[in-house]
Amino acid sequence: MYTKSQYPEPACCMKRDSLPGVRMQHPLAGTARLSPDGLDKLNGLTTDLYTVMMIRNRRCCHTSCYGHTGCDFSYASVLFFRPGDRICLNCDTRAESASIVAFRKELVAGSEIGQDIGGYRFFGYRTDEALHVSECEERTLDRLFDDIGGELGACIDEYSCGIIGRRICLLLDYCRRFYNRQFIMRADSNRKILRHANHIIHDFFAQCGRQRDDIPHTQYIAARADTSDAYLEDLVKEETGLSMGQYAEMRRLDMARDLLMHSHKSDDEIASMLHYRSARCFRLFFSHTTGMTTDQCRTSC
């Protein structure tokens, strides 16, 4: 497991203002092309930069390579780190080289990236949920890395931040596009995770006593499904079109429908069991969502 950490680190992993080997050609952004030795120097460090790292690791395509599966491409793996994340790399991959783009929060605030940084949810993924790209996709990303580096090497003027921001946005948009392709290719394994999430939601109501939360939150489900919150949210969105909260609510509704049709529990008992605030709230939500009353649901079986 190669997870990120935003907890306080020991003295040997003190926070840095920049990454070794990354040349900040602009005060707010920098690029690098690192050898395996240069990449090793980053392992365990924490930085205050947003970092996109494409690691070429063709010689090592086993499943421990940043979450690589049998249905993934093997030309390169792309990792994403937010300010405050500790960089945790798989030292067994024998990486050939790595391309890096790193940028400061100030660039995010002052450019187009800031308008959509929350949409690039892969910055919240774990390193074992990395993006694995094809040869063609690697060439596309290489070109985008070079374009960003070229602009960073130009003279700084009033247009610099905007142009750099747009080029980084383009890089991130392509990564989002390639992640969408990876979700499609992982359909079988994603459905297994979704089934596991279903069991977790069911057990939340069936086995856990009365809790403070009406429905299980994303963090609760992700911790038990062994995924990051962001990855689980995006997986559920890709498979169902729903947010994690909406999906959990629909699963609760399915449980309510099953209890109405196949048990003798009253509306009050079902409402209490499934953490609805009251039987009245349960009946109103059920009829609004399904188009039938609880009594009609009972007689429909």
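The values are calculated or read from the model by the stated rules, or taken from the named source; none is laboratory data. Given the structure is predicted, the values throughout are model-derived calculations rather than measurements. No Cβ is skipped: glycine too gets one built from the backbone with ideal geometry, and neighbour counts run over all protein chains shown. We work out accessible area using only protein heavy atoms, side chains counted, and drop any ligands, DNA or RNA first. Shrake-Rupley method; radii C 1.70, N 1.55, O 1.52, S 1.80 Å.
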Just wondering, is there one or more residues in region 216-224 that are open to solvent by 20 Å² or more (accessible area, probe 1.4 Å), part of a loop (DSSP other than H, G, I, E, B) and closer than 22 Å to Asp254 by Cβ?
yes
Applying the selection to region 14-32, what residues are in a loop (DSSP other than H, G, I, E, B) and either at pLDDT 90 or above or among the β-branched types (Val, Ile, Thr) (or both)?
Pro20, Gly21, Val22, Pro27, Leu28
Give region 103-134 a look and list any residue that's of a type in the set (A, V, I, L, M), closer than 15 Å to Leu49 by Cα and at pLDDT 85 or above, or say none.
Leu107, Ile117
Considering only residues that are under 21 Å from Asp258 (Cβ atoms) and among the small types (Gly, Ala, Ser), which ones fall in region 187-244?
Ala197, Ala206, Gly209
From Ser35, Ser74, Ser99, Ser64, residue being among the polar types (S, T, N, Q) and modelled with pLDDT of 95 or more:
Ser99
Count of region 251-262 residues which are closer than 25 Å to Thr218 by Cβ and loosely packed, with under 14 Cβ neighbours inside 10 Å:
2
Where Gln182 falls short, out of the listed (1) open to solvent by less than 10 Å² (accessible area, probe 1.4 Å); (2) farther than 17 Å from Tyr66 by Cα
(2)
What pairs come up if the first residue lies in region 132-143 and is in contact (Cβ under 8 Å) with a residue 60 or more places away in the chain, the second is open to solvent by less than 40 Å² (accessible area, probe 1.4 Å) and part of a helix (DSSP H, G or I), and their beta carbons are under 6 Å apart, counting only those six or more places apart or on different chains?
Val133/Phe178; Glu137/Phe178
Among the acidic types (Asp, Glu) and at pLDDT below 95: does that describe Asp295?
yes
Kindly provide the set of residues from region 268-286 that are touching a helix residue (DSSP H, G or I) at 6+ places or on another chain (Cβ under 9 Å), more than 20 Å from Ala197 (Cα to Cα) and open to solvent by 40 Å² or more (accessible area, probe 1.4 Å), ordered by number.
Asp268, Glu269, Ser272, Arg277, Ser278, Arg280, Cys281, Arg283, Phe285
Taking only region 225-250 into account, find how many residues are outside any helix (DSSP H, G or I) and crowded, with 19+ Cβ neighbours inside 10 Å.
2
Residue ID - nearest to the chain's Cα centre (by Cα), chosen from residues in region 136-169 that are over 21 Å from Phe123 (Cα atoms) and hydroxyl-bearing (Ser, Thr, Tyr):
Ser160
Can you say whether Lys265 is farther than 17 Å from Phe204 by Cα, open to solvent by 60 Å² or more (accessible area, probe 1.4 Å) and assigned to a loop (DSSP other than H, G, I, E, B), as far as the supplied structure shows?
yes
